[in-house]
Structure formats: C-alpha cells, structure tokens
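Below you will find the structure I want to go over with you.
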C-alpha cells in the first residue's frame, strides 16, 4: 500500500454544495442496464448519480483547463480519469501519464491530478495499490424536486446490408420532459488536508459543474441549464444542516405538469431553507451563490435577499 503524506491546503472548515439544474426533453442520466433515464418509481422522480455529476466536472476541466499537454513545469490540473481520445483502462492511463506523473507515487498523483485531489481514486496494481478518498463527495443519487412522467419515443435508423439492400430498425427509448434536480455535495477539510485540495480547486470544480451543464450538446444530454448554486461554508469542521437538498420544495397542492423553469420557479418554496439557515446561523460563516441571470426570476432573487437578511452570515456572489 502506497503511503501518502499530508499536503498543504487552505480548506479548514466544512462546506456543503447545493446545486439546482433542470433538464428538458432529454435523458439527464441513463441507467447503464436499461438505457432508460434513472427513475424512482415509488416517488415518480427522476434521478441523477454522483458519477454523472463528476463526469461533467472532469470533462469541462479536461476540455478547457487541463495542463496535461501544456509546457507548464508544475502541472496541477491533469484529469486522470479522462474521457478524451481512445478509451483506456486505468492501467493504460497510468502508463500514458508515466512521463509526467510518477504512477507509483500517490503524492505525485495528488499534486498533478485535480480530479484525484477532488474525488479520490482506486488504482489497483500488483504490489502497489493506491486508494484515496475524495475531498468532495456528491450524494450517490440525487432526485428531482418535481414528479416526472417519462415520455417514450421511437427512433428509426437505416443500415445498409448489401449493394442494393437496406434494413430499417425502430428503437424505443424514453426522455424526461422536464425535471428540476436538487443535488448535494460535501467538502471535507480533513480529507483536503491529506489530498492537498485547495479552495482554487473547489472553485474550479464549481465553475466546471455550472458551465458544463449549460454547454453539453450530445443528443441525449442537450437541454439542461444551471439554475442555482450555493456553497454553504460552516465555521468549523464538523457542523452540518441535515437534508438541505430537500429544503427547496414545490408545494404538493400546487404541483403541476411543469415544462419550463419559469413555471416551476414561481412555485418553489425556499422558506424551509431560509429557516434552516436562520436556525443554524451560529454554525455558519458564509454562503456563496450563483443564480441563472439570463432572466429576472423573482422568486429566486427574493430568496437571495432573504439570505442576506440573516444575521452574522456573509452572503457573497461566486466569482465566475
């Protein structure tokens, strides 16, 4: 087992991430076994996994911020679990980076690979296993705020089977007509101390998550938009507000068949979250936020103003 020495970090207190984004007429996260959107039949809510969220982050950093191919001597933004180029096993990826990363040195991996600092890794190799816990963890499954009814769709394709012959096929899959997801993440200062994760890594991760949701343009994922992001910073390393991802709600008496953010935004009830912030203000240092400013969503703006009225908790706008 490779030993890792503690690295430098400027993360000293615990933080939580609350991220709301919506998906319209797409498959926000396919089930690998069925190919259908992840869906909780008991609650009738769409779901998205932590793996899907981390893939958005990795892909954005890999596309826009990675220094793997740069002339930078002190590399720090390599994405180890990259999806660029040919598909590689973990062992192949480890070998492909061997000229710039010491594949047997967990400290070198942490210093140079941002996704390992953020999310950890399990690298199994005979005689040298590396198992690192991530500084950031997202909830395993994150659900939509609203109930969803999946829409089955049929697609046709034609494949040429001979010089004069063609063969048509019909495929059936499902799309989510509209879902507003409430996702939750946790930032652990003790793990940051081990991994050397810094606040600049966290802010790049948040920027990547926000932007990649807006930018993705694959056939199954296009139609998603980032709506609200909160970084809730505690004043110590152990405090927690329970189930904050459930504190933004739609009144069940008001819930309808939503198709647009403008429709559900009017019905969102932020009051339980505001009340929780007020009740726990002595445990909080600050809350940083970003909202979708493409339009004036009055309910969301009112929520931010209510947060600003909470005593002794700084409310600051995220800088990206």
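The values are calculated or read from the model by the stated rules, or taken from the named source; none is laboratory data. These numbers come from a predicted model, not from an experiment. Cβ sites come from the backbone with ideal geometry, for glycine too, and all protein chains shown count toward neighbours.
Each row is one residue, and each column tells you yes or no for (1) crowded, with 19+ Cβ neighbours inside 10 Å; (2) under 23 Å from residue 303 (Cα atoms); (3) out of contact with any helix residue (DSSP H, G or I) (no Cβ under 9 Å at 6 or more places or on another chain).
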| site | (1), (2), (3) |
| --- | --- |
| 201 | yes, no, no |
| 204 | yes, no, no |
| 209 | yes, yes, no |
| 213 | yes, yes, no |
| 219 | no, no, yes |
| 245 | yes, yes, yes |
| 256 | no, yes, no |
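Let me ask something else about it. Exactly one of (1) under 22 Å from the mean Cα position of the chain (by Cα); (2) in a helix (DSSP H, G or I); (3) touching a residue at least 24 places away in the same chain (Cβ under 8 Å) is unmet by residue 228. Its number?
With (1) under 22 Å from the mean Cα position of the chain (by Cα); (2) in a helix (DSSP H, G or I); (3) touching a residue at least 24 places away in the same chain (Cβ under 8 Å) applied to residue 228, the lone miss is (2).
Shifting gears a bit: Within the range 282-297, how many residues are touching a helix residue (DSSP H, G or I) at 6+ places or on another chain (Cβ under 8 Å) and either surrounded by fewer than 18 Cβ atoms within 10 Å (Cβ to Cβ) or modelled with pLDDT under 95 (or both)?
Final tally of qualifying residues: 1.
Could we say that residue 270 is within 22 Å of the chain's Cα centre (by Cα), modelled with pLDDT of 95 or more, crowded, with 18+ Cβ neighbours inside 10 Å and farther than 27 Å from residue 30 by Cβ here?
Answer is yes for this residue.
Name, by its number, the condition in (1) free of Cβ contacts under 8 Å to residues at least 24 places away in the same chain; (2) more than 19 Å from residue 228 (Cα to Cα); (3) crowded, with 16+ Cβ neighbours inside 10 Å that does not hold for residue 279.
Of everything listed in (1) free of Cβ contacts under 8 Å to residues at least 24 places away in the same chain; (2) more than 19 Å from residue 228 (Cα to Cα); (3) crowded, with 16+ Cβ neighbours inside 10 Å, residue 279 misses just condition (3).
Give the residue, chosen from 53, 20, that is under 22 Å from the mean Cα position of the chain (by Cα), closer than 30 Å to residue 286 by Cα and assigned to a helix (DSSP H, G or I).
On the way: 20 fails: assigned to a helix (DSSP H, G or I).
Step by step, each of 53, 20 is checked, and only 53 is under 22 Å from the mean Cα position of the chain (by Cα), closer than 30 Å to residue 286 by Cα and assigned to a helix (DSSP H, G or I).
Right, something else. For residue 122, state whether it is farther than 22 Å from residue 183 by Cβ and touching a strand residue (DSSP E or B) at 6+ places or on another chain (Cβ under 6 Å).
yes
Just one of (1) closer than 29 Å to residue 10 by Cα; (2) touching a helix residue (DSSP H, G or I) at 6+ places or on another chain (Cβ under 9 Å); (3) modelled with pLDDT of 95 or more trips up residue 193, so point out which.
Condition not satisfied by residue 193: (2).
Residues that are surrounded by 14 or more Cβ atoms within 10 Å (Cβ to Cβ) and either touching a helix residue (DSSP H, G or I) at 6+ places or on another chain (Cβ under 9 Å) or modelled with pLDDT under 90 (or both), at least 3 per element: which helices (runs of 4 or more DSSP H) completely within the range 87-143 meet that? Break it down stepwise before answering.
Working: elements: 90-96, 106-112, 114-119.
Filter on the range 87-143 gives 106-112, 114-119.
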